Amino acid sequence: MERFQYTRADDIQAALRLAASAPGQARFIAGGTTLVDLMKLDVETPAQVIDINGLPLDQVEQLADGRTRIGALVRNADLARHPRIAAHYAVLSQALLAGASAQLRNMATTSGNLLQRTRCVYFRDRAARCNKRDPGSGCDAIDGHNRNLAVLGTSVHCIASNPSDMNVALTALDATVQVQSLDATRDIPVRDFYLLPGDTPHRETVLQPGELITHVILPPPVAGARSCYVKLRDRASYEFALASAAVVLKESDGRIESAAIALGGVGTRPWHCAPAEQLLAGERPTLERYRQAAQAALHDAVPQSENGFKVELARRCLVHTLCTALPPSKEASHG
């Protein structure tokens, strides 16, 4: 681990000033469940680490307009068990509880999870070529061990998958990320927060140097909506997704009034499935329609040498999740 300066911030403005004093070389730390690991591996080498655990960003609040505001420092375990989240945003609670271990969920924060970095073994190995870690060096994953990596949103420069469970649910919920800098605040739809790798895989989000995530905003709960998160993995606990799906469905008069769908484990970012949503909107919830939606969701998949199985796995995962959230009726299944 390289030497670095460690400072605790007493308020948001103090944290932002500290970050501005080391442009591009400062990192905020809360739970540290990702950052500390990467610093030990010399993948992350910040000159300054700013402890933000003392900032007043650890509450879940219902806003006057029905939205829910989640502080950046709310721990994953607390968020999953919060009565409002469990009651009205079940897909988020389920996704959080499917992630990591109980010990890690007790430490990991909302903002840290948003910025969780890939588990690609080449990204974490300084001896390997990785465009995400060292731009322009190459990508050893493409011709190497890529079983766990992405099939959607990839490029010739990077096929690393996004590892988060929480962010898949936030994508289905159409959440908004609030960020603050010394000069301004801005709201970023989570579906626009993550960047595709293209030819700049080292740029993972639209965050600018020195910006601090302060909150995540969830839209008002959809009355009568049904949601579900399903995660498929090699073992039952403490494992990253091979494929996962988050869905939020609203039924009215026997038809799907609205659908929100996101996939995890298969994309270079949490994967919003707009074509699948469009196929379901206004239709009866039949098994055949669910299968068509799953086909559309994976239409643009580009599998690598070891992960072609993920395409069919993700399709089946999505169909199962849709059936769990809104089971097709016997009549609808034949209609």
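The values are calculated or read from the model by the stated rules, or taken from the named source; none is laboratory data. Keep in mind the model is a prediction, meaning the values are calculated, not measured. All Cβ positions, even for glycine, are placed from backbone atoms using ideal geometry, and neighbour counts span all protein chains on display. Quick note on the areas: whole protein, heavy atoms, side chains included, nothing else; ligands and nucleic acids left out. Shrake-Rupley method; radii C 1.70, N 1.55, O 1.52, S 1.80 Å.
Summary table
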item	result
Members of region 89-118 found to be of a type outside the set (A, V, I, L, M), touching a residue at least 60 places away in the same chain (Cβ under 8 Å) and buried (at least 16 other Cβ atoms within 10 Å of the Cβ), listed by number	TYR89, GLN94, GLY99, THR109, THR110, SER111, GLY112, GLN116, ARG117
TYR229 open to solvent by less than 30 Å² (accessible area, probe 1.4 Å), more than 30 Å from LEU18 (Cβ to Cβ), under 21 Å from the mean Cα position of the chain (by Cα) and aromatic (Phe, Trp, Tyr)	yes
Members of region 254-269 found to be assigned to a strand (DSSP E or B) and β-branched (Val, Ile, Thr), listed by number	ILE256, ILE261
Selection count where residues are farther than 25 Å from GLY254 by Cα and in contact with a Lys or Arg (Cβ under 7 Å, 6 or more places away or on another chain), scope region 205-232	3
Residues within region 248-270 that are closer than 25 Å to PRO163 by Cα and open to solvent by 50 Å² or more (accessible area, probe 1.4 Å), tallied	1
Residue identified as open to solvent by less than 60 Å² (accessible area, probe 1.4 Å), touching a residue at least 12 places away in the same chain (Cβ under 8 Å) and outside the structural domain of VAL302 (by the TED database) among ALA86, ALA141	ALA141
Residue list for region 157-180, restricted to those being surrounded by fewer than 23 Cβ atoms within 10 Å (Cβ to Cβ) and assigned to a loop (DSSP other than H, G, I, E, B)	HIS157, PRO163, ASP174
Among the candidates ALA325, ALA293, ALA245, ALA241, residue that is of a type in the set (A, V, I, L, M, F, W, C), open to solvent by less than 60 Å² (accessible area, probe 1.4 Å) and farther than 30 Å from ALA102 by Cβ	ALA293
Selected residue (only one of THR286, THR321 is over 18 Å from ASP165 (Cα atoms) and in contact (Cβ under 8 Å) with a residue 40 or more places away in the chain)	THR286
Enumerated helices (runs of 4 or more DSSP H) restricted to region 270-335, each holding at least 2 residues that are more than 17 Å from SER258 (Cα to Cα) and modelled with pLDDT of 95 or more	287-297, 309-325
Test result for ASP183, open to solvent by 60 Å² or more (accessible area, probe 1.4 Å) and modelled with pLDDT of 95 or more	no
Looking only at region 43-69, and only at residues there that are in contact (Cβ under 8 Å) with a residue 12 or more places away in the chain, among the acidic types (Asp, Glu) and over 17 Å from ARG119 (Cβ atoms), the one that is least open to solvent (accessible area, probe 1.4 Å)	ASP51
Qualifying positions in region 176-202 - closer than 26 Å to ARG133 by Cα and out of contact with any strand residue (DSSP E or B) (no Cβ under 8 Å at 6 or more places or on another chain)	ASP192, THR200, HIS202
Wholly enclosed helices (runs of 4 or more DSSP H) of region 63-116 bearing at least 3 residues under 22 Å from ASP234 (Cα atoms)	90-98, 102-107
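Residue by residue, here is whether (1) of a type in the set (A, V, I, L, M); (2) on the phi > 0 side of the Ramachandran plot; (3) assigned to a strand (DSSP E or B) holds:
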site	(1), (2), (3)
ASP192	no, no, no
HIS215	no, no, yes
GLY224	no, yes, no
CYS228	no, no, yes
